[in-house]
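Engineer: Pasting a structure here, questions to come.
The values are calculated or read from the model by the stated rules, or taken from the named source; none is laboratory data. This is a predicted model, so every value here is computed, not measured. Heads up, the Cβs are rebuilt from the backbone with ideal geometry, glycines too, and the neighbour counts pull from every protein chain shown.
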């Protein structure tokens, strides 16, 4: 089972980074190249504890749907989203936020599994882990761009 651990330093206040990380609107902007859209559940604004969002996007030349649920949240410090429906056998994404002197450290820990036995494990190792890691890094770079500029006001105001 692949495990992705990504650390991002963002020079912005903790509460702003936390809220931008929960923003459905900003997530859609970060995944525009995949034509990703929220189609059910929370489809705009900030996702909260116990809410779901169903995403539809084109991955690997196929339109796919993934429903995620916020299963844990500690305001400004942590939230976890887990797959309740989708192509993976499971997916869990934990988001940790720590205040530092000049901003916020964001730590993402993501685990997922694919079906198809050995073929699935092979695909995870050769391609899927790197693909998912690139998507997370892209998402965090967009959060960083918005949080460190005045662009955040467009999303959170």
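Engineer: For residue 152, all conditions in the list (1) farther than 20 Å from residue 46 by Cβ; (2) surrounded by 14 or more Cβ atoms within 10 Å (Cβ to Cβ); (3) touching a residue at least 40 places away in the same chain (Cβ under 8 Å) hold save one; what is the number of the exception?
Structural biologist: (1)
Engineer: On to the next question. Mind checking which residues of region 1-52 are on the phi > 0 side of the Ramachandran plot and not in a loop (DSSP other than H, G, I, E, B)?
Structural biologist: Scanning region 1-52 gives a single hit, 41.
Engineer: I've got another one for you. Report, by residue number, each residue of region 14-28 that is under 16 Å from residue 148 (Cα atoms) and in contact with a helix residue (DSSP H, G or I) (Cβ under 8 Å, 6 or more places away or on another chain).
Structural biologist: 16, 17, 19, 20, 21, 23, 26 - these are the residues of region 14-28 that are under 16 Å from residue 148 (Cα atoms) and in contact with a helix residue (DSSP H, G or I) (Cβ under 8 Å, 6 or more places away or on another chain).
Engineer: Test each condition in (1) part of a strand (DSSP E or B); (2) surrounded by fewer than 17 Cβ atoms within 10 Å (Cβ to Cβ) for residue 108 and report the one that comes out false.
Structural biologist: If we test residue 108 against (1) part of a strand (DSSP E or B); (2) surrounded by fewer than 17 Cβ atoms within 10 Å (Cβ to Cβ), just (2) comes out false.
Engineer: Which condition breaks for residue 121 when tested against (1) exposed (fewer than 14 other Cβ atoms within 10 Å of the Cβ); (2) free of Cβ contacts under 8 Å to residues at least 24 places away in the same chain?
Structural biologist: (1)
Engineer: Is it the case, given these coordinates, that residue 136 is modelled with pLDDT under 95 and either surrounded by fewer than 17 Cβ atoms within 10 Å (Cβ to Cβ) or under 20 Å from the mean Cα position of the chain (by Cα) (or both)?
Structural biologist: Considered against the rule, which asks whether it is modelled with pLDDT under 95 and either surrounded by fewer than 17 Cβ atoms within 10 Å (Cβ to Cβ) or under 20 Å from the mean Cα position of the chain (by Cα) (or both), residue 136 comes out as no.
Engineer: Quick one: which of 75, 62, 58 is exposed (fewer than 15 other Cβ atoms within 10 Å of the Cβ), touching a helix residue (DSSP H, G or I) at 6+ places or on another chain (Cβ under 8 Å) and farther than 18 Å from residue 17 by Cβ?
Structural biologist: Step by step, each of 75, 62, 58 is checked, and only 58 is exposed (fewer than 15 other Cβ atoms within 10 Å of the Cβ), touching a helix residue (DSSP H, G or I) at 6+ places or on another chain (Cβ under 8 Å) and farther than 18 Å from residue 17 by Cβ.
Engineer: Of all residues being surrounded by fewer than 21 Cβ atoms within 10 Å (Cβ to Cβ) and more than 17 Å from residue 97 (Cα to Cα) in region 1-26, which is farthest from the chain's Cα centre (by Cα)? Just the residue, please.
Structural biologist: So, considering only residues that are surrounded by fewer than 21 Cβ atoms within 10 Å (Cβ to Cβ) and more than 17 Å from residue 97 (Cα to Cα), the one farthest from the chain's Cα centre (by Cα) is 1.
Engineer: How do the pairs read when you match residues in region 79-97 that are at positive phi with residues anywhere that are surrounded by fewer than 18 Cβ atoms within 10 Å (Cβ to Cβ), using Cβ under 9 Å and keeping only pairs 6 or more apart or on different chains?
Structural biologist: 86/64; 86/65; 86/67
Engineer: Can you tell me which condition residue 98 does not meet? The list is (1) under 17 Å from residue 20 (Cβ atoms); (2) part of a strand (DSSP E or B); (3) within 14 Å of the chain's Cα centre (by Cα), and all the others hold.
Structural biologist: (3)
Engineer: So, residue 131, is that one on the phi > 0 side of the Ramachandran plot and surrounded by fewer than 15 Cβ atoms within 10 Å (Cβ to Cβ) or not?
Structural biologist: So residue 131 fails the test.
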